Amino acid sequence: MPTKRDYYAILSLDRRATDEQIKRAYRKAALQYHPDKNPGDKQAEQRFKECAEAYEVLSNPEKRSLYDQYGHDGLRGTTVHDYAHMQNDDIFSMFADIFGGASPFGGARRPGTRQAGRGQRGLDLETQCEITLQDVAQGCQREIEFTRQDLCSTCSGSGAKPGTKRRICATCGGRGQVLQRGFGGMFQMVSTCPSCLGQGSMVDKPCSTCDGSGRAPLKRKITVKIPAGIHDGQAVRVRQEGEPGEGGGPHGDLHVYVRVREHAFFRRQDNDLILDVPISITQAALGADIEIPTLFGKSMLHVAPGTQFGEVITVKGLGLPDLRGGRAGDLRAQVIVEVPRKLSHLQEELLRQYAATEEHSVLPTRKSFLEKLRDYLVGGSAGADKPAEPRSDAPQN
């Protein structure tokens, strides 16, 4: 996988740049490398798309924070558009507000407007759903309910009162844009038509249902397939479930962001599952076979004699499937040796006998702390320091 360039370097920004500085830097770079200004220059087109990706991340506070802390790896699991495979017009339309809603190189590129007589793709929508770690292991389906602005059922999206039609805008002649000249004709600029707002046509008698907008809220209920192995924060794209486009353009897409509920036992690390397994001192010292939970039922974990606190025992294939390859990760059981807080008389006696074989000093000792402190203060032997030997270089009286 090729190494990505630093987003700040792409836009020639300092890491302390403000939101306004980021916006200005992107606008300058996008105008410099826009394909319409550099026809046939593949390198300029690549830089144009690179700048758009950098701006998407740095203009989003959450994504920028992740990037600042962890670099490109921190964006794994978040949604960053695949600009390398997007059309230039679509990229420009995503951030059209920065350019005043129209391209300075010609063509109205504001989302939802008509360009050069062809329909514009509709806007994408976002929603989210919650699943369990068990769903991640097996894959699942979820019923999603959402509301989108769809074509008005009364006027079929025309915005005109039934029985009437839209008329071509007299200002722009149906083009949706006008040409303005300045400085004695030395300069010209294409902008959105102020009369029809880029639509190319107008309504004399608006539809009473949508008030001439051609859009009305529509509740949708769909079933979405969530693939096994998906990570928290990743999105499933459902094509053609976004808002309808203008001028007969296709619907946008619906992005369903997945949230994975925390599990009572397991923590996820890539495709592996981490499980804390508490065991006793005797099980750690002598070994044992312990029943543990997995996402696929119960299993036995073999603890070898002499297992130490914090050791990790790996059980192959009991993790989560890889989202792309399907290969399962592992279950990694981390051993937590628990020291008993209370002992029976017999247990205490047995442990003292064992400690004696190791020649280790254990508590409680014969004398209490107060007894040793009294002996120390009166110069007794218990805990008292030996008198210091006189230094050979010390002056003699």
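Values computed for the structure shown
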quantity: Which numbered condition Ser392 fails, given (1) modelled with pLDDT under 90; (2) among the polar types (S, T, N, Q); (3) touching a strand residue (DSSP E or B) at 6+ places or on another chain (Cβ under 9 Å); calculated: (3)
quantity: Subset of segment 270-285 [buried (at least 17 other Cβ atoms within 10 Å of the Cβ), assigned to a strand (DSSP E or B) and in contact with a Lys or Arg (Cβ under 9 Å, 6 or more places away or on another chain)]; calculated: Asp272, Leu273, Leu275
quantity: Cross-chain or 6+ apart pairs with Cβ under 8 Å, segment 60-74 first and within 16 Å of Ala9 (Cα to Cα), then part of a helix (DSSP H, G or I) and not small (Gly, Ala, Ser); calculated: Arg64/Val57; Arg64/Leu58; Tyr67/Tyr7; Tyr67/Val57; Tyr67/Leu58; Tyr67/Leu75
quantity: In segment 306-329, residue nearest to Gln234 (Cα to Cα) [restricted to those that are hydrophobic (A, V, I, L, M, F, W, C) and part of a loop (DSSP other than H, G, I, E, B)]; calculated: Leu323
quantity: Which numbered condition Leu179 fails, given (1) assigned to a loop (DSSP other than H, G, I, E, B); (2) in contact with a strand residue (DSSP E or B) (Cβ under 9 Å, 6 or more places away or on another chain); (3) not acidic (Asp, Glu); calculated: (1)
quantity: Meets criteria (touching a residue at least 12 places away in the same chain (Cβ under 8 Å) and more than 25 Å from His231 (Cβ to Cβ)) for Pro278; calculated: yes
quantity: Some residue of segment 240-248 being in contact with a Gly (Cβ under 7 Å, 6 or more places away or on another chain), at pLDDT 95 or above, in a strand (DSSP E or B) and surrounded by 17 or more Cβ atoms within 10 Å (Cβ to Cβ); calculated: no
quantity: Residues being in a loop (DSSP other than H, G, I, E, B) and either over 12 Å from Val335 (Cβ atoms) or among the β-branched types (Val, Ile, Thr) (or both) - total across segment 286-303; calculated: 2
quantity: Residues of segment 210-229 that turn out to be in contact (Cβ under 8 Å) with a residue 12 or more places away in the chain, closer than 16 Å to Arg166 by Cα and in a loop (DSSP other than H, G, I, E, B), as a count; calculated: 4
quantity: Search result, residues across segment 352-380 that are hydrophobic (A, V, I, L, M, F, W, C), surrounded by 10 or more Cβ atoms within 10 Å (Cβ to Cβ) and at pLDDT below 75; calculated: Val362, Phe369, Leu373
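For (1) at pLDDT 85 or above; (2) under 29 Å from Asp232 (Cβ atoms); (3) outside any helix (DSSP H, G or I), each residue gets a yes or a no:
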| residue | (1), (2), (3) |
| --- | --- |
| Lys4 | no, yes, yes |
| Arg15 | yes, yes, yes |
| Ala25 | yes, no, no |
| Asp36 | no, no, yes |
| Glu45 | yes, no, no |
| Ala52 | yes, yes, no |
| Gln69 | no, yes, no |
| Thr78 | no, yes, yes |
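A quick yes/no check of all residues on (1) part of a loop (DSSP other than H, G, I, E, B); (2) closer than 19 Å to Leu218 by Cβ; (3) touching a strand residue (DSSP E or B) at 6+ places or on another chain (Cβ under 8 Å); (4) without any contact (Cβ under 8 Å) to a residue 60 or more places away in the chain:
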site: Leu123; (1), (2), (3), (4): yes, yes, no, no
site: Gln128; (1), (2), (3), (4): no, no, yes, no
site: Val136; (1), (2), (3), (4): no, no, yes, no
site: Arg142; (1), (2), (3), (4): no, no, yes, no
site: Thr147; (1), (2), (3), (4): no, yes, yes, no
site: Ser156; (1), (2), (3), (4): yes, yes, no, yes
site: Gly163; (1), (2), (3), (4): yes, no, no, yes
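The values are calculated or read from the model by the stated rules, or taken from the named source; none is laboratory data. Predicted model only: the values in this text are computed from it and were never measured. Ideal geometry is used to build each Cβ from the backbone, glycine not excepted, and the neighbour counts take in all protein chains shown.
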